[in-house]
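Contents: one structure, followed by commentary.
None of the figures in this text is laboratory data; all of them are computed from the coordinates on show. Everything quoted here is computed from the prediction, not taken from an experiment. Quick reminder, even Gly has a Cβ in these numbers, built from the backbone with ideal geometry, and neighbours come from all protein chains shown.
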Amino acid sequence: MNKQPDMRVKIGSLEMKNPVTVASGTFGYGPEYADLVDLDRLGAITVKGISAEPHIGNNTPRTFETASGMLNAIGLPGPGAAGFCEKYLPFFENYKVPLIVNIWGKTVEDYGRVTELLDAPARVDALEVNVSCPNVKEGGALYGTDVDLFRSVVDEVRSKTDKPIIIKLAPNVADIKRFALAAEECGADAVSIMNSYPAMAINIETRKPELANRTGGLSGPAIKPIAIKLVWEAAQVVNIPIIGMGGIYSSEDALEFIIAGATAVAVGTANFTDPSTALRVIDGIESWLAAKGIAAVDDLVGTVRG
Amino acid sequence: MNQEKTTVLEHRIFQGEYRLLKLSAPAIGPLVQPGQFVHLKIPRLKNAVLRRPFSVFKADAESLSILYKAVGQGTEAMRDIAPGEPVDLLGPLGTGFPMVGQDNIPVLIAGGYGNAALYLQAAALPVKGVAFFGGRTAADILCVEEFEALGWDVRVTTDDGSLGTQGLVTDALDPWLAEQGAGAVELFACGPNAMLKAVGDRAIEKGLTAWLSMDRNMACGVGACLTCVIKRKTETGWEWARCCKDGPVFNAEEILWDE
């Protein structure tokens, strides 16, 4: 009989009781799935992107299903930092789950302001910095694909908070290692890999793009092998932890990310397919480790052979 | 809101292209309010990441049923669902129809199988008024006897005149409304957008209350992803409202029509 494996992981000073969180934008602001998912069972919850000011987002249609995936161009609508703190933070007083708030801005100063606003509330445990939204025209993806701009954002956020900061990397770069290293050098506590992949679908009858924004981000099982490769590459050059995400539907998917080099993982699109996915992934990782006699999930991180 | 592994009790052709799917759903069925919907994970639909939303047609303590027609990849795959098969369901979801205002005569307005979303409301309303059902052709007019059995006065229109009066549902509604006294009528509608807008415009013009069940492409179904949003009027302009959570039923006065 094997001992219960140790599922705990650390993202900077953030302690997670298991390595599974949810991907920003797929789980709302917290309450939406609370009827269906015991939030306190998650390693952490990551809420939808928050900016300094409220934002209206894109027109509809905002999503489109594709083979083994979906496109989205929601455009980061949200209540702004003050609105989030007022409307949603009280909800989390009833939960113990660590809270990661995803943040974004249109300018470097915006990133600084939203960081300041979310640095104050004690209930916010960490910030995930979206430098790679493919669907916002101003700034958005640019900060994720130009390494100098990228550094300026990470520096700005780092200067405004001592909470753990996780930089969410864009997948559509020539060399993910440069960005992962830049994040580490600028004092980030972790990187998350990957955001959705810029993509497009066109209706051949109307000849119009399927999304009002014309292009969007591809997520779901279709992108998992891309994400695995990017995690594996980044893991070879950085010492900070990586949160792996992209098409995780099962514990086997999550284990593949961990073996590739991810310390933690996030379930995204699968929440739409089956809200119980994240909990199944937690249970599945634990029983797999136990069956293999692996004492701690941390022992598996980056153990890819060859 | 629950997630339930339901079992298919019955799956058959209801009429023409329309099918009825009845599921054993003791965790969801008894909670369903008129106008709410369920989010169904279609079995064996490989490569699809999204569920499909369906208005609840009927529901009781043990089961619920939906009416559907194959209109896309998802509903086409549904035709292969077999009795006894497990079906993963989320529900009941959304904000449905309110009770009719006191002293108001309730009026139901449906386009095609939109009346599936009105059946529970038709059963729940204490007063039975008039139900206007419109469709392209006779084959698209469903459930007339069922609504009549509940005590509703059903008026049918078809585009081609193959059943009832020829014309749009509003062609039958307008003269009827003109005969009514002011303020005493309340409308409950489900159908295509053009019909809903036409019904809503009439209600606003005449100072009547109309409740419209809106249909938009949906992803999560629980209010998290912000896919299915429509514009809802505010004092200063408009805001996005979620069809899956704030709706699908909205007061016509709230809706800012884009199209």
Inter-site label distance for A:F91 and B:E85 at 7 Å from Cα along Cβ, in nm: 3.4
Just rank B:D215, A:D38, A:D162, fewest to most, by other beta-carbon atoms within 10 angstrom. A:D162, A:D38, B:D215
FRET efficiency estimate (nearest 0.05) - Cβ-Cβ, B:T75 to A:A212, R0 22 angstrom: 0.35
Placing unit charges on C-beta atoms (Lys and Arg positive, Asp and Glu negative, everything else neutral), compute the dipole magnitude of the protein assembly as shown about its Cα centre in debye, rounded to 20. 980
From the backbone phi of the stretch B:48-57, what are the Karplus-calculated ³J(HN,Hα) couplings (6.51 cos²θ - 1.76 cosθ + 1.60, θ = phi - 60°) in whole Hz, Gly and Pro given as x? 9, 9, 9, 6, 10, x, 9, 4, 7, 7
Through the Karplus equation 6.51 cos²θ - 1.76 cosθ + 1.60, θ set to phi - 60°, convert the phi angles of the stretch A:58-67 into ³J(HN,Hα) values in whole Hz; use x for Gly and Pro. 8, 6, 9, x, 9, 9, 7, 6, 10, 4
At a Cα cut-off below 20 Å, give the lysines reachable from B:K128, other chains included and same-chain residues fewer than 8 away excluded. B:K58
Work out how much length A:S152 to A:T107 would gain on full extension: take 0.36 nm times their residue separation and subtract the Cα-Cα distance, in nm to one decimal. 15.2 nm
Give the cross-link partners of A:K224 among the aspartates and glutamates, using a straight C-alpha distance below 20 Å as the criterion and excluding same-chain residues fewer than 8 apart. A:E65, A:D175, A:E233, A:E252, A:D253, A:E256, A:D274
Gyration tensor verdict on the stretch A:1-133 (Cα atoms; rounded if a/c is under 1.5, prolate if a/b is larger than b/c, oblate otherwise): oblate
Apply 1/(1 + (r/R0)^6) to the Cβ-Cβ distance of A:I202 and A:K229, taking R0 = 22 Å, and write down the FRET efficiency to the nearest 0.05. 0.20
Kindly put A:F91, B:F97, A:F27 in sequence by how many other C-beta atoms sit within 10 Å of each C-beta, fewest to most. A:F91, B:F97, A:F27
If you project the alpha carbons of the protein assembly as shown onto the principal axes, what extent comes out on each, in Å, largest first? 76, 56, 47
Which residues make up the longest stretch of chain A clear of trypsin sites (Lys or Arg not before Pro) that lie in a DSSP loop with no more than 16 other Cβ atoms within 10 Å, not counting the sites? A:215-304
Under Karplus coefficients 6.51, -1.76 and 1.60, residue-wise ³J(HN,Hα) of the stretch B:189-199 in Hz, glycine/proline x: 9, 8, x, x, 4, 4, 5, 4, 5, 4, 5
Using the Cα gyration tensor of the stretch A:256-306, with a ≥ b ≥ c the square roots of its eigenvalues, what is the shape: rounded (a/c below 1.5), prolate (a/b larger than b/c) or oblate (neither)? oblate
Cut-off 14 Å between beta-carbons: net charge of the residues surrounding B:A27, Lys and Arg +1, Asp and Glu -1: -4
Using a simple spin-label model with points 7 Å from Cα along the Cα→Cβ vector, what separation in nm is obtained for B:N2 and B:T137? 4.2
The Cα extents of the stretch B:105-211 along the principal axes, largest first and rounded to whole Å, are 34, 26, 23
Can you give the translational diffusion coefficient of the stretch B:2-93 in µm²/s, computed by Stokes-Einstein from the Kirkwood radius over Cα pairs at 37 °C and 0.692 mPa s? 255
Full-extension gain in nm, B:R44 to B:I13, via 0.36 nm per residue minus C-alpha separation: 9.1 nm
Beyond 25 Å, what share of the Cα-Cα pairs of the stretch A:156-306 is found? Please give it as a whole percent. 36
Put +1 on the Cβ of every Lys and Arg and -1 on every Asp and Glu Cβ in chain B; which of B:G94, B:I42, B:Y113 then has its Cα farthest towards the positive end of the dipole? B:I42
If you put +1 on each Lys and Arg Cβ and -1 on each Asp and Glu Cβ, how big is the dipole of the stretch A:1-118 around its Cα centre, in Debye rounded to 20? 320
Which residue, B:V249, B:A149, B:L226, has the largest displacement toward the positive end of the dipole of the stretch B:127-259 when charges sit on each Cβ (Lys, Arg +1; Asp, Glu -1)? B:L226
Report the label-to-label distance for B:D174 and A:A295 in nanometres (one decimal), using points 7 Å from each Cα along the Cα→Cβ vector. 8.2
Cα centroid distance between the stretch A:42-84 and the stretch B:52-103, in Å? 27
Apply the a/c threshold of 1.5 to the C-alpha gyration tensor of chain A and tell me whether it is rounded, prolate or oblate. rounded
Just tell me which lysines come within less than 16 Å, Cα to Cα, of A:K292; anything on the same chain fewer than 8 places away is out. A:K3
What are the residues whose amide H is under 5 Å from the amide H of A:V267, where those residues sit 5 or more places off or on another chain and H is modelled from the backbone? A:T21, A:V22, A:A23
Nearest-20 debye value, chain A charge dipole, Cβ charges on Lys, Arg, Asp, Glu: 400
Largest fluctuation, A:N195, A:N172, A:N72 only, Gaussian network model of chain A with Cα springs under 10 angstrom, belongs to A:N172
What is the count of Lys pairs in the stretch B:139-259 whose alpha carbons sit under 17 Å apart, if the two are 8 or more places apart or on different chains? 5
So who's got an amide H within less than 5 Å of the one on A:N102, skipping anything under 5 residues away but keeping other chains? H placed 1.01 Å off N, in plane. A:V47, A:I50, A:E128
Packing-based exposure ordering (other Cβ within 10 Å, fewest first) of A:T161, B:T158, A:T206, A:T21: A:T206, A:T161, B:T158, A:T21
